[in-house]
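Student: Here it is, the structure, as structure tokens.
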Ligand code: 1GP
């Protein structure tokens, strides 16, 4: 794919009203050959992008992992970093996240300052993304690692105000996150409220493990849905293929 075109491709899709589906591969959860194989199958069935990353990596193979995925696909490989250590020149782009739901300066601007020069050296495309953590019924890894409070589930307008502020600050996308393996996904009311307030692409992830939930998030206004843990489940690939169909038919 042409360098520097990941965001513009997403914007093009969204402006046509098309929905997208990304899968998240955590380098701690898969071997290189598993990741490469899953990425190839994902592309073949119509997944639109591969996210790579995790809140805390316990392995040291991000470059090799990303290269193994890239070898088999032409859809974008996009880093989804937990911190400034998760940068690789092998990727096409990186979600340049700021955890705007929290009030911890380390996650709002500190890690970004550390990572920005490395991203420039790597030449990968940074995509400014407002990362918003929403309560999910359990303490997520993001909540614990960032030492921030998630947005309350029952107050959609608080989420909408954060998203609008992020758009006004010039961020290119919103990521509404319930957390990896969340017992409850982002509430549909929260997605709707954010959708009503912002017109930049809206990504929703965390706790989406079945077709019905995926459909609900799309209907509520998500432009992109993300599944991660689903692929660690038996029959995960089958569910992924069914979600692709739902996304295509939206
Ligand atoms: C986590 O949004 C992603 O950051 C995916 O979450 O693993 O729960 O699908 P799941």
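The values are calculated or read from the model by the stated rules, or taken from the named source; none is laboratory data. Please read these numbers as outputs of a predicted model, since none were measured by experiment. So basically every Cβ, Gly included, is an ideal-geometry build from the backbone, and we count neighbours across all protein chains shown.
Student: Could you say which residue among 98, 55 is within 21 Å of residue 180 (Cα to Cα) and modelled with pLDDT under 95?
Tutor: Values: 98 fails: modelled with pLDDT under 95.
Sole residue among the options that is within 21 Å of residue 180 (Cα to Cα) and modelled with pLDDT under 95: 55.
Student: If you go through the stretch 229-241 one residue at a time, do you hit one that is more than 15 Å from the ligand (Cβ to nearest atom) and touching a residue at least 24 places away in the same chain (Cβ under 8 Å)?
Tutor: For the stretch 229-241, residues more than 15 Å from the ligand (Cβ to nearest atom) and touching a residue at least 24 places away in the same chain (Cβ under 8 Å): present.
Student: On to the next question. Could you tell me which of the residues 191, 200, 208 is within 14 Å of the ligand (Cβ to nearest atom), within 27 Å of residue 246 (Cβ to Cβ) and outside any helix (DSSP H, G or I)?
Tutor: After applying the criteria, what remains is 208.
Student: Follow-up question, since we're still on this one. Tell me which residues, restricted to the stretch 63-96, are part of a strand (DSSP E or B) and in contact with a helix residue (DSSP H, G or I) (Cβ under 8 Å, 6 or more places away or on another chain).
Tutor: Within the stretch 63-96, the subset part of a strand (DSSP E or B) is 77-79, 93-96.
Correct list: 77, 78, 79, 93, 94, 96.
Student: Related question: Here is a check on your reading of the model: is residue 150 more than 21 Å from residue 55 (Cβ to Cβ) and in contact with a helix residue (DSSP H, G or I) (Cβ under 6 Å, 6 or more places away or on another chain)? It would help to see each step written out before you state the result.
Tutor: Working: more than 21 Å from residue 55 (Cβ to Cβ): no; in contact with a helix residue (DSSP H, G or I) (Cβ under 6 Å, 6 or more places away or on another chain): yes.
Considered against the rule, which asks whether it is more than 21 Å from residue 55 (Cβ to Cβ) and in contact with a helix residue (DSSP H, G or I) (Cβ under 6 Å, 6 or more places away or on another chain), residue 150 comes out as no.
Student: Which numbered condition trips up residue 41, out of (1) within 24 Å of residue 97 (Cβ to Cβ); (2) touching a residue at least 60 places away in the same chain (Cβ under 8 Å); (3) surrounded by fewer than 19 Cβ atoms within 10 Å (Cβ to Cβ)?
Tutor: Evaluating residue 41 over (1) within 24 Å of residue 97 (Cβ to Cβ); (2) touching a residue at least 60 places away in the same chain (Cβ under 8 Å); (3) surrounded by fewer than 19 Cβ atoms within 10 Å (Cβ to Cβ) leaves (1) as the failure.
Student: Right, another one. Could you say which residue among 3, 76 is surrounded by fewer than 23 Cβ atoms within 10 Å (Cβ to Cβ), farther than 20 Å from residue 232 by Cα, away from the ligand (no atom under 16 Å from the Cβ) and at pLDDT below 95? Steps first, please.
Tutor: Details: 76 fails: at pLDDT below 95.
Testing whether each residue is surrounded by fewer than 23 Cβ atoms within 10 Å (Cβ to Cβ), farther than 20 Å from residue 232 by Cα, away from the ligand (no atom under 16 Å from the Cβ) and at pLDDT below 95 leaves just 3.
Student: Could you list, in sequence order, all residues of the stretch 231-243 that are surrounded by fewer than 20 Cβ atoms within 10 Å (Cβ to Cβ) and assigned to a helix (DSSP H, G or I)? First the steps, then the outcome.
Tutor: First, the residues of the stretch 231-243 that are surrounded by fewer than 20 Cβ atoms within 10 Å (Cβ to Cβ): 232-239, 241-242.
Once the filter is applied, which keeps residues that are surrounded by fewer than 20 Cβ atoms within 10 Å (Cβ to Cβ) and assigned to a helix (DSSP H, G or I), the stretch 231-243 yields 232, 236, 237, 238, 239, 241, 242.
Student: Specify which of the listed residues (47, 14) is out of contact with any helix residue (DSSP H, G or I) (no Cβ under 8 Å at 6 or more places or on another chain) and either at pLDDT 95 or above or surrounded by fewer than 16 Cβ atoms within 10 Å (Cβ to Cβ) (or both). Can you show your working first?
Tutor: Details: 47 fails: out of contact with any helix residue (DSSP H, G or I) (no Cβ under 8 Å at 6 or more places or on another chain).
Only one candidate passes the filter, namely 14.
Student: Right, here's the next one. Which of the residues that make up the stretch 7-39 are more than 14 Å from the ligand (Cβ to nearest atom), closer than 24 Å to residue 215 by Cα and assigned to a helix (DSSP H, G or I)?
Tutor: 7, 9, 10, 11, 12, 13, 14, 15, 39, listed by residue number.
Student: Let me ask something else about it. Residues that are within 14 Å of the ligand (Cβ to nearest atom), at pLDDT 95 or above, in contact with a strand residue (DSSP E or B) (Cβ under 6 Å, 6 or more places away or on another chain) and part of a helix (DSSP H, G or I): does the stretch 172-180 have at least one?
Tutor: Step one: of the stretch 172-180, the residues within 14 Å of the ligand (Cβ to nearest atom) are 173-180.
Of the ones still in play, those that are also at pLDDT 95 or above are 173-180.
The next check asks that each one be in contact with a strand residue (DSSP E or B) (Cβ under 6 Å, 6 or more places away or on another chain); those that pass are 173-178.
If we keep only those that are part of a helix (DSSP H, G or I) as well, we get none.
Looking for residues that are within 14 Å of the ligand (Cβ to nearest atom), at pLDDT 95 or above, in contact with a strand residue (DSSP E or B) (Cβ under 6 Å, 6 or more places away or on another chain) and part of a helix (DSSP H, G or I), one finds none in the stretch 172-180, hence no.
Student: Using the structure shown, decide if residue 226 is out of contact with any helix residue (DSSP H, G or I) (no Cβ under 8 Å at 6 or more places or on another chain), within 27 Å of residue 79 (Cβ to Cβ) and within 16 Å of the ligand (Cβ to nearest atom). Step through it out loud before you land on a result.
Tutor: Values: out of contact with any helix residue (DSSP H, G or I) (no Cβ under 8 Å at 6 or more places or on another chain): yes; within 27 Å of residue 79 (Cβ to Cβ): yes; within 16 Å of the ligand (Cβ to nearest atom): yes.
Answer is yes for this residue.
Student: Okay, next question. Here are 116, 91, 165, 138: which of them is under 30 Å from residue 9 (Cα atoms) and either within 16 Å of the ligand (Cβ to nearest atom) or crowded, with 22+ Cβ neighbours inside 10 Å (or both)?
Tutor: Numbers: 116 fails: either within 16 Å of the ligand (Cβ to nearest atom) or crowded, with 22+ Cβ neighbours inside 10 Å (or both); 165 fails: either within 16 Å of the ligand (Cβ to nearest atom) or crowded, with 22+ Cβ neighbours inside 10 Å (or both); 138 fails: under 30 Å from residue 9 (Cα atoms).
Result of the check over 116, 91, 165, 138: 91.
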